[in-house]
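The values are calculated or read from the model by the stated rules, or taken from the named source; none is laboratory data. Note that this is a predicted model, so its numbers are computed, not measured. Note: ideal-geometry Cβ built from the backbone for every residue, glycine included; neighbour counts use all protein chains shown.
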Amino acid sequence: MKICLAQVKSEKGKVQENIQNHLKFIERAILLNADLIIFPELSITNYEPRLAKALSTDVENSIFNPFQHLSDHNHITIGIGMPTKATDGIHISMLIFQPNKQRTVYSKNLLHSDELPYFISSNNQPTLTIKGQKIALGICYETLQRAHFIKAKENNADLYVASVAKPKRGTNQAYLHFSAIAKEFKTPILMCNSIGYSDNFMSNGLSAVWNSNGERINQIDAINQGLLIYDSDTEYTEVFQPQIAKGQRADLDPLFTIYLNCKTALEKNGIYQWVDSYPTKKIIAEDIDKGVLFILKTNREIIGAINISEEQETEYKTVNWEFNALKVLVIHRLVIAPKHQRNGYARRLMDFAEKFARENNYTSIRLDAYSQNKKVVEFYKKRAYVIRGQVNFPKRAHPFHCMEKKIIAIDNTI
């Protein structure tokens, strides 16, 4: 059985936005042949006790239909965090979607004292059975209580999965506790934590897996979204968490294939932005050799790339730029593999480029975008890039918009 822990960053109270982020992670887990995917505590609303009453609902709400659809059609069980209504209050719950089965709910049994003004406890402690293995569930505070784990073992649980929202201190406690309990009871334990600001603390990520000897066999980092995949039969683990690093010569062939695939995809939509003479493998190789090509990749594959340098096209001289200072960063050849598009990866590469510009005291960023590629132009406009003029490049029937954004450098003296 393959279990995915989805370490995600949820936005305060933005239910629909968080649902869309969840669905993207589930689709990635499906590609990894996962049987079960678990999200952090209250992941759909973010951990926000003061908003729980206003946002609470029940598992049959139609907003959750996309989860049931993915479960039914891909044979995957899904557990998401959501406050739910009870007859006498609000529960901290995990909504569970199983293939072609009625939706179920697991609600937190043991509450921390600071949750008592907002929530009530439940007394159900079900297990999931997937491929003959029993999985016990726990939600944050209760997962550190020995009694909760013992009850799970009394229910003959083979695995224990903790869905949490913990800051650094809580994560440190969990690491010690889960290691000791896993070793004592010879039971693998998985912890799925969130990242980002929640209520009055910063969630610390570090989602992890401990084997039956209490050894932590893999983890995600403390700051990025990602998937941690665990195979309960082989104890094989893998982190699916794209990282950005400078491109290497070994990346050249697969990366150039991505550029070619994107060129084909653009042309199918009537956008002739790239031509046979641009970008060439030689151009990409030069980017790598100069150290200006940054690649977004996992340990499995390259997802995309971006060139960030000070090199400006000769045609830029005709543009009436607003910021004429010498310290200007230029972006070229941003690319995302077609199968990974619409997953926020272009945004992540641009976040990286703009952070690089701030940290290195650039005054502005310049780039060009093909005028017929409307989606890309809008993408940059939403990031506050302003069109300053147009230029023409060989073999393109339409001009490119030259766009610019002011960068406010980080004051390192503070």
Checklist line | Failed item, numbered, when PHE379 is tested on (1) out of contact with any strand residue (DSSP E or B) (no Cβ under 6 Å at 6 or more places or on another chain); (2) in a loop (DSSP other than H, G, I, E, B); (3) surrounded by 15 or more Cβ atoms within 10 Å (Cβ to Cβ) | finding: (2)
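Please work out which residue is surrounded by the most Cβ atoms within 10 Å (Cβ to Cβ), limiting yourself to the range 335-348 and to residues that are farther than 15 Å from GLN241 by Cβ and either touching a residue at least 40 places away in the same chain (Cβ under 8 Å) or of a type in the set (S, T, N, Q) (or both).
Taking the range 335-348 and keeping what is farther than 15 Å from GLN241 by Cβ, we get 335-339, 341-342, 346-347.
Then drop every residue that is not either touching a residue at least 40 places away in the same chain (Cβ under 8 Å) or of a type in the set (S, T, N, Q) (or both), which leaves 335-338, 341, 346.
Numbers: VAL335: 26, ILE336: 22, ALA337: 21, PRO338: 14, GLN341: 16, ALA346: 21.
Among residues in the range 335-348 that are farther than 15 Å from GLN241 by Cβ and either touching a residue at least 40 places away in the same chain (Cβ under 8 Å) or of a type in the set (S, T, N, Q) (or both), the one surrounded by the most Cβ atoms within 10 Å (Cβ to Cβ) is VAL335.
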Notebook entry, point to check: Do any residues in the range 14-28 that are among the polar types (S, T, N, Q) have Cβ atoms under 8 Å from those of residues that are surrounded by fewer than 19 Cβ atoms within 10 Å (Cβ to Cβ), where the two are at least six apart or on different chains, and which pairs are they?
Noted result: GLN16/ILE63; ASN18/GLU11
Next item on the list: Could you please let me know if ARG216 is of a type in the set (D, E, K, R), surrounded by fewer than 21 Cβ atoms within 10 Å (Cβ to Cβ) and either on the phi > 0 side of the Ramachandran plot or touching a Phe, Trp or Tyr at 6+ places or on another chain (Cβ under 6 Å) (or both)?
Entry: yes
Note to self: Given (1) without any contact (Cβ under 8 Å) to a residue 24 or more places away in the chain; (2) more than 17 Å from GLU315 (Cβ to Cβ), identify the lone condition not met by PHE379.
What the structure shows: (1)
Next item on the list: Being assigned by TED's automatic domain parsing to the domain that holds ASP287 and either assigned to a strand (DSSP E or B) or polar (S, T, N, Q) (or both) narrows it down to one of ALA369, ALA325, so name that one.
Entry: ALA369
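Listed here are the residues, each with its yes/no results for (1) outside any loop (DSSP other than H, G, I, E, B); (2) surrounded by fewer than 18 Cβ atoms within 10 Å (Cβ to Cβ).
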site	(1), (2)
ILE223	no, yes
LEU227	yes, no
VAL239	yes, no
ILE244	yes, no
ASP253	yes, yes
LEU260	yes, yes
THR264	yes, yes
ALA285	yes, yes
Check: Of (1) touching a residue at least 24 places away in the same chain (Cβ under 8 Å); (2) of a type outside the set (Ser, Thr, Tyr); (3) surrounded by fewer than 22 Cβ atoms within 10 Å (Cβ to Cβ); (4) more than 21 Å from SER232 (Cα to Cα), LEU116 satisfies all except one. Which?
Finding: (1)
Notebook entry, point to check: So how many residues does the range 287-312 have that are assigned to a helix (DSSP H, G or I), surrounded by 14 or more Cβ atoms within 10 Å (Cβ to Cβ) and of a type outside the set (Val, Ile, Thr)?
Noted result: 1
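Please tell me if GLN133 is over 29 Å from the mean Cα position of the chain (by Cα) and surrounded by 13 or more Cβ atoms within 10 Å (Cβ to Cβ). Walk me through how you get there before you give the answer.
Details: over 29 Å from the mean Cα position of the chain (by Cα): no; surrounded by 13 or more Cβ atoms within 10 Å (Cβ to Cβ): yes.
It is false that GLN133 is over 29 Å from the mean Cα position of the chain (by Cα) and surrounded by 13 or more Cβ atoms within 10 Å (Cβ to Cβ).
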Checklist line | Number of the condition not met by ASP199 [criteria: (1) out of contact with any Asp or Glu (no Cβ under 9 Å at 6 or more places or on another chain); (2) under 19 Å from ILE92 (Cβ atoms); (3) surrounded by fewer than 18 Cβ atoms within 10 Å (Cβ to Cβ)] | finding: (1)
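Hey, can you tell me all the residues within the range 166-184 that are in a helix (DSSP H, G or I) and either of a type in the set (D, E, K, R) or surrounded by fewer than 16 Cβ atoms within 10 Å (Cβ to Cβ) (or both)? Step through it out loud before you land on a result.
Step one: filter the range 166-184 for residues in a helix (DSSP H, G or I), giving 168-184.
Scanning the range 166-184 gives LYS168, ARG169, ASN172, GLN173, LEU176, ALA180, LYS183, GLU184.
Here are ASN33, ASN21: which of them is assigned by TED's automatic domain parsing to the domain that holds ILE96, part of a loop (DSSP other than H, G, I, E, B) and surrounded by fewer than 23 Cβ atoms within 10 Å (Cβ to Cβ)? Break it down into steps so the answer makes sense when it comes.
On the way: ASN21 fails: part of a loop (DSSP other than H, G, I, E, B).
Unique residue meeting the criteria: ASN33.
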Margin query: Quick check on my filter: what residues within the range 228-249 are at pLDDT below 95 and of a type in the set (A, V, I, L, M, F, W, C)?
Written below: VAL239, PHE240, ILE244, ALA245
Notebook entry, point to check: Before we move on, is SER364 small (Gly, Ala, Ser) and in contact with a His (Cβ under 8 Å, 6 or more places away or on another chain)?
Noted result: no
Note to self: Show the residue pairs meeting these rules: Cβ distance below 8 Å; 6+ apart or different chains; first residue within the range 253-265 and in contact (Cβ under 8 Å) with a residue 24 or more places away in the chain; second residue exposed (fewer than 14 other Cβ atoms within 10 Å of the Cβ) and of a type outside the set (Phe, Trp, Tyr).
What the structure shows: PRO254/GLU301
Notebook entry, point to check: Which members of the range 71-116 meet the condition of being under 20 Å from ASN33 (Cβ atoms) and in contact with a Gly (Cβ under 9 Å, 6 or more places away or on another chain)?
Noted result: ILE96, PHE97
Next item on the list: For the range 50-72, indicate whether the set of residues that are in contact (Cβ under 8 Å) with a residue 60 or more places away in the chain and in contact with a Pro (Cβ under 8 Å, 6 or more places away or on another chain) is non-empty.
Entry: yes
